[in-house]
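Peer 1: Can you keep this structure in mind? I'll have questions shortly.
The values are calculated or read from the model by the stated rules, or taken from the named source; none is laboratory data. Keep in mind the model is a prediction, meaning the values are calculated, not measured. In this analysis, Cβ positions are derived from the backbone assuming ideal geometry, glycine residues included, and neighbour counts consider all displayed protein chains. Each accessible area value is taken on the protein alone, full model and side chains, heavy atoms only, with ligands, DNA and RNA left out. Shrake-Rupley method; radii C 1.70, N 1.55, O 1.52, S 1.80 Å.
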Amino acid sequence: MSGTFADESTRVRARLVVLISGGGSNLQALIDATSDPDFPAQIVGVGADRADATGLDRAMRAGVPTFVVDPKQYSDRGEWDRALAAAIAPFDAEWVVSAGFMRILGEAVLSGHPQRIVNTHPALLPSFPGAHAVRDALVYGVKVTGCTVHLVDSGVDTGPVLAQQAVAIEAGDDETSLHERIKSVEHELLVSVVASLCRHDVQVIGREVVFS
Ligand code: GAR
């Protein structure tokens, strides 16, 4: 599929749209990686669900077009979801990367990019899905947590797992310190998964993702 290099002279970099809600450190990791022309993907658009997502500045500094589709401006979730799908569509993306996008994607977005949406999550799924994964892991008292990069389906952090990395919880950790350590691991994991997805044909069989 797209992103496969026939040979060096005809190589095509896969087109990525990245969705964010906040500071965008994962977006920055992707911006840095894709600034290398040998990286198999390029970021063609960055979308947010709020105009004050500071990660949008990172995209603008990198010269990447941005868009905002704020649910507050729509009467219901379905209308917002269709507007988001319509905003993403013109970018003609092979992959959509949810990198700190704190909303559940709906049917319009999912059906526009079947098995082609990737999410990064700051816990070892299926433990601690949802919006407060780092806090939930601390409250539970686990000794090891981490991050998961997975394909997005209609559930909350339930899609097939692509890669995971463990992070030990240290004495004295609070949500901020732990999240920072998870993010430093997460950045590398996300970049390497995106590279793999764009370098290979990808087939999803049940919960298994096969690269060839
Ligand atoms: C990341 O740790 C990401 O995994 C998490 O938000 C953070 C965004 O950081 N996402 C979720 O919790 C989704 N459930 P960033 O804006 O600095 O990339």
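Peer 1: For A87, are the conditions met, namely being surrounded by 18 or more Cβ atoms within 10 Å (Cβ to Cβ) and either at pLDDT 95 or above or among the small types (G, A, S) (or both)?
Peer 2: Spelling it out, it is not the case that A87 is surrounded by 18 or more Cβ atoms within 10 Å (Cβ to Cβ) and either at pLDDT 95 or above or among the small types (G, A, S) (or both).
Peer 1: So M60 clears everything in (1) open to solvent by less than 50 Å² (accessible area, probe 1.4 Å); (2) in a helix (DSSP H, G or I) except one condition, right? Which one?
Peer 2: Checking M60 against (1) open to solvent by less than 50 Å² (accessible area, probe 1.4 Å); (2) in a helix (DSSP H, G or I), the one that fails is (1).
Peer 1: In addition: Quick one: F39 ticks every box in (1) touching a Phe, Trp or Tyr at 6+ places or on another chain (Cβ under 8 Å); (2) more than 13 Å from the ligand (Cβ to nearest atom); (3) closer than 26 Å to V167 by Cβ; (4) open to solvent by less than 30 Å² (accessible area, probe 1.4 Å) except a single one, so which number is it?
Peer 2: With respect to (1) touching a Phe, Trp or Tyr at 6+ places or on another chain (Cβ under 8 Å); (2) more than 13 Å from the ligand (Cβ to nearest atom); (3) closer than 26 Å to V167 by Cβ; (4) open to solvent by less than 30 Å² (accessible area, probe 1.4 Å), F39 is out only on (1).
Peer 1: Could you please find all residues in segment 178-212 being open to solvent by less than 70 Å² (accessible area, probe 1.4 Å), away from the ligand (no atom under 16 Å from the Cβ) and touching a strand residue (DSSP E or B) at 6+ places or on another chain (Cβ under 9 Å)?
Peer 2: A195, S196, L197, C198, H200, D201, V202, V204, V209, V210
Peer 1: Still on this model: Identify the residue in segment 154-177 that is closer than 18 Å to G130 by Cα and of a type in the set (D, E) and, among all such residues, is surrounded by the most Cβ atoms within 10 Å (Cβ to Cβ).
Peer 2: Looking at residues that are closer than 18 Å to G130 by Cα and of a type in the set (D, E), I get D157.
Peer 1: Could you check D92 against (1) more than 11 Å from the ligand (Cβ to nearest atom); (2) of a type outside the set (G, A, S); (3) surrounded by fewer than 23 Cβ atoms within 10 Å (Cβ to Cβ); (4) under 15 Å from the mean Cα position of the chain (by Cα) and say which number it fails?
Peer 2: Against the list (1) more than 11 Å from the ligand (Cβ to nearest atom); (2) of a type outside the set (G, A, S); (3) surrounded by fewer than 23 Cβ atoms within 10 Å (Cβ to Cβ); (4) under 15 Å from the mean Cα position of the chain (by Cα), D92 comes up short only on (4).
Peer 1: Can you tell me which residue in segment 138-153 is most open to solvent (accessible area, probe 1.4 Å), limited to those that are under 23 Å from L105 (Cα atoms) and among the aliphatic types (A, V, I, L, M)?
Peer 2: By that ranking, first place goes to V152.
Peer 1: Go through segment 108-135 and give me each residue that's assigned to a helix (DSSP H, G or I), within 16 Å of the ligand (Cβ to nearest atom) and open to solvent by 60 Å² or more (accessible area, probe 1.4 Å).
Peer 2: R135
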